[in-house]
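Everything on this sheet refers to the single structure shown next.
The values are calculated or read from the model by the stated rules, or taken from the named source; none is laboratory data. If you're wondering where the values come from, they're calculated on a predicted model, not measured in any experiment. Ideal geometry is used to build each Cβ from the backbone, glycine not excepted, and the neighbour counts take in all protein chains shown. For accessibility, only protein heavy atoms count, side chains too; no ligands or nucleic acids. Shrake-Rupley method; radii C 1.70, N 1.55, O 1.52, S 1.80 Å.
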Amino acid sequence: MHSPSLKHKYIRIAGIVLVSLIVILLIGGYIAYSKRGALLQHAIEKAKNKAKSKYNLDLEIGSASFTGLSTVSFTNITVVPQQRDSLLSIKKFDVSVKLLPLILGEVKLANVNLQEGHLNLTDINHVKNFDFLFKRKKDTTEHQKVDLSELSNNLIKEVLYKIPDDLTLNNFLISFKNDSSSFKVLAQSALIKDGKLSSTFNLNDGAAIWHFDGRMHPSDKDIDIKLYADGKKVELPFIEKRYHLKVNFDTLSTRLSKVEHSDGETRIFGYWGVSNLLINQPGLASTDIVVPNAGIDANVFVGQNYVSIDSSSLIHLKKITAHPYIKYTLNPVKIYEMKVNTGWLNAQDLFDSFPSGIFDSLDGIQVAGKLNYSLNFFLNTASPDDVQFDSRLGKDGFSIRKYGKTDLSKLNNVFVYTPYEKGKPMGPHIIGPENSYYTPLDQISPNLRNAVMTAEDPSFYTNHGFVEESIRKSLATDFKDKKFKRGGSTISMQLVKNSFLSREKTLARKIEEILIVWMIENNHIMTKNRMLEVYFNIIEWGRGIYGIGEASRYYFGKTPAELTIGESIYLASIVPHPKTGLYSFMPDGTLRPGLIGYFNSLGNLMAGHGRAQRDSNYYGFYSVRLKEGLRREIAPVNTAVADSLMKQNDDDDAVPVGVVPEKKPTFFQRLFGKKDTTAKKQEVKTISAKDKLKADIERLRDEEKRKELLVDTAGKTKKEIRQEKRKMRSDEKDQEKVLKDAVKE
């Protein structure tokens, strides 16, 4: 036991140490306080030198001084990139930081006051005044894998800590200008006070007034704000111009509720929602898509090598909800995962929740019962052939009480079919006995039925409109080839596409096709035989040739019942690209040799399914003869061109015999827009080769001179700059020689 006197001794020593520390801190604080002006000026000079040497930026500050214990006041700040337009100017900028976090090594903003500023972004003649932002640093260190969890957590901290607790901002202009467009956003006012945000933004000199309002507690990771406009919808014209995507809405809401970081994972809990959203994009749908209200309670989890939306998230769309799960793994190989589960829903609620303008034929449909949709998708990019795909729509007591705009049972009776070409209606066709070309299923040669079913849908009589294995293989092929190809479309899907829907190539039309097929197949609206009979009588078999009754007479001068196995395999081969059917023939009426492989492959498949006899003589290939009166229409065409044209799958865009087709845009080019360069190419062809060569050389020389003027000199010696310019001139000379040699050839 220590005596009382010893205890008092320890207390006195502790008191002396504490007082000494306080005195030292006070002295240090006084010295730092008295020298802080000099330290500030030193920091400013250091920042100026760094901006100059690393980024070629001229940074100027009119005045800088402390106006309080932790507040710095700046005036007349300007940032000008060398040989570029002025980037930034600020008349007055006051900023203060929180002292306690600063002592602990973290910079948290307490107050910001910004008056009269202008951020000027330009991109003129491919010269940007902000290109220093994309300048890559020379990295001589060994690359290490980034921990996404740590990166995201640090990034969130940095962003939230840089949002001040109190903000006063007035008249800060952001402008952007390039060769073809410009826009302005003037932040007339923005105020954060006691955790409440209010702001007013003036777009393009009064074209629209936007507001960001709501709750703002960045230090507590608690944010809830809304974006809306005065007296009109929020519109995004720059997105429309860039992506041909029209988007507007009444209110956009975002909420950050919580951020957690533990066990190697950062978890971000938030909400995003929109009201009265309108979308118009030619690749999505032909009309406006309108969503009255939609949102997602999104729980985003970020691990060391993945980003995911957790299955605890919840999507809201009008009357329905669904749990999504999306995960993207970056390494050691890229893996894509997606799951969706709605649980059991009232069927009518599901149909009522479809956005207006998306499924026109189903508009007004009345249904009963319950539905449950589930999706499971998994793709490991190291083994795309093992892709997993499972999409199911379960039903419980589901029935159709009343059809919408389109009567899905109309194909059971005589009906009028109107084909469309490039959006324009062609002559109507009666599908029934009144049409002399109409052919009942039992009067169509089994050779043709078997050939087409084997080529298009081998399991037609046993599937329910979809073949998952075909879809799975199609996804794997599309991924490996990096483009969308034809695949996975059953006879039921082709029938619905031709009978009920337009020929528009939109995402909405494809989903509508899938829904109608599901309803027809799962509610037994048509028998399989009737579906096949209608299919053979409406599909296109050539330019302006619809139905097998007309096709068999057009190509071979015989009825569908008389078709041989060779003629049937030929007709099956042109189903995906009917307008190019005549390219399969030589001028003497025989088939092109390039089709032998197809005949042998399809014939063997038919034999394997018990739909044909084994044949070592290519299943009638050599006996097929085009009708004599049609042979004069076959112009001599290069074999490579003919083979290419025979592989076209785009029916609407196929070209007549003898015309070389122009390259068509991809799905993503159609979705996000592609500049039409056809007219420009036609114009270039009219210029003589000599004039074009001269123009190209002039262009090369001008481009080389412009590049010399814009050489990045930051951190380089004069010798290095000379070497870089010399290399540019040498490259330009080499390109001139290539152009001249090409003209000589």
Original post:
Ranked highest first by the average count of other Cβ atoms within 10 Å around their residues, in what order do 441-453, 224-236 fall?
Top reply: 441-453, 224-236
**OP:** Provide the FRET efficiency to the nearest 0.05 for the K50-D363 pair, computing r from the beta carbons and using R0 = 60 Å.
**Re:** 0.45
**OP:** Give the value in nm², to one decimal: projected area of the alpha carbon convex hull of the range 512-601, averaged over all directions.
**Re:** 7.3 nm²
Original post:
Over the range 154-195, what percent of the accessible surface lies on carbon and sulfur atoms, probe 1.4 Å?
Top reply: 58 percent
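If you stretched the chain out fully between E60 and L630, how much longer would it get, using 0.36 nm times the residue separation minus the C-alpha to C-alpha distance? Mind showing how you got there, number by number?
Numbers: separation 570, 0.36 × 570 = 205.20 nm, distance 8.09 nm.
Extra length from E60 to L630 when fully extended: 197.1 nm.
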**OP:** Under 9 Å from the Cβ of D352, count the other residues' Cβ atoms, weight Lys and Arg +1, Asp and Glu -1, and hand me the total.
**Re:** +1
**OP:** Calculate what fraction, in whole %, of the accessible area of the range 209-260 sits on carbon and sulfur atoms when a 1.4 Å probe is rolled over the protein chains.
**Re:** 54 percent
Original post:
Once both labels are modelled 7 Å past Cα along the beta-carbon direction, what's the K145-L191 spacing in nm?
Top reply: 5.1 nm
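Using 0.36 nm times the number of residues separating F415 and V290, minus their current alpha carbon distance, what extension gain do you get?
41.8 nm
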**OP:** Using only the Cα atoms of the range 162-286, build the gyration tensor, take square roots of its eigenvalues as a ≥ b ≥ c, and label the shape rounded, prolate or oblate: rounded if a/c is under 1.5, else prolate if a/b is larger than b/c, else oblate.
**Re:** oblate
Original post:
What's the extension gain from K528 to S502 if we count 0.36 nm per residue and subtract their Cα-Cα distance?
Top reply: 7.1 nm
**OP:** Can you pull the one-decimal nm distance between simple spin-label points at E434 and Q83, each 7 Å off the Cα toward Cβ?
**Re:** 7.7 nm
Subject >> Using a Förster distance of 51 Å, the FRET efficiency for F134-D390 (Cβ separation, nearest 0.05) >> reply: 0.75
Subject >> Per residue accessible area of the range 325-450, 1.4 Å probe, in Å² >> reply: 54 Å²
Subject >> Apportionment of accessible area to carbon and sulfur, the range 35-82, percent (1.4 Å) >> reply: 59 percent
Original post:
Any idea how far apart Q443 and T559 come out in nm if each label point goes 7 Å out from Cα toward Cβ?
Top reply: 0.6 nm
Original post:
Under a 5 Å amide H to amide H cut-off, with H placed in plane at 1.01 Å, what residues pair with F130 once short-range neighbours are removed?
Top reply: T122
Original post:
Using alpha carbon centroids, what distance separates the range 254-300 and the range 581-630, in Å?
Top reply: 53 Å
Original post:
So what's the net charge close to I520: Lys and Arg +1, Asp and Glu -1, counting the other residues with Cβ under 15 Å from its Cβ?
Top reply: -1
Original post:
Where q = 0.13, 0.14, 0.20, 0.26 Å⁻¹, what log10 of I(q)/I(0) comes from the Debye formula for the range 39-90, counting one point per Cα?
Top reply: -0.34, -0.39, -0.72, -1.02
**OP:** State whether the range 339-381 is rounded, prolate or oblate according to the following rule on the C-alpha gyration tensor (a ≥ b ≥ c being the square roots of its eigenvalues): a/c under 1.5 gives rounded; otherwise a/b larger than b/c gives prolate, and the remaining case gives oblate.
**Re:** oblate
Original post:
What translational D, rounded to a whole number of µm²/s, comes out for the range 326-461 from Stokes-Einstein when the hydrodynamic radius is the Kirkwood one over Cα pairs, at 25 °C and 0.890 mPa s?
Top reply: 124 µm²/s
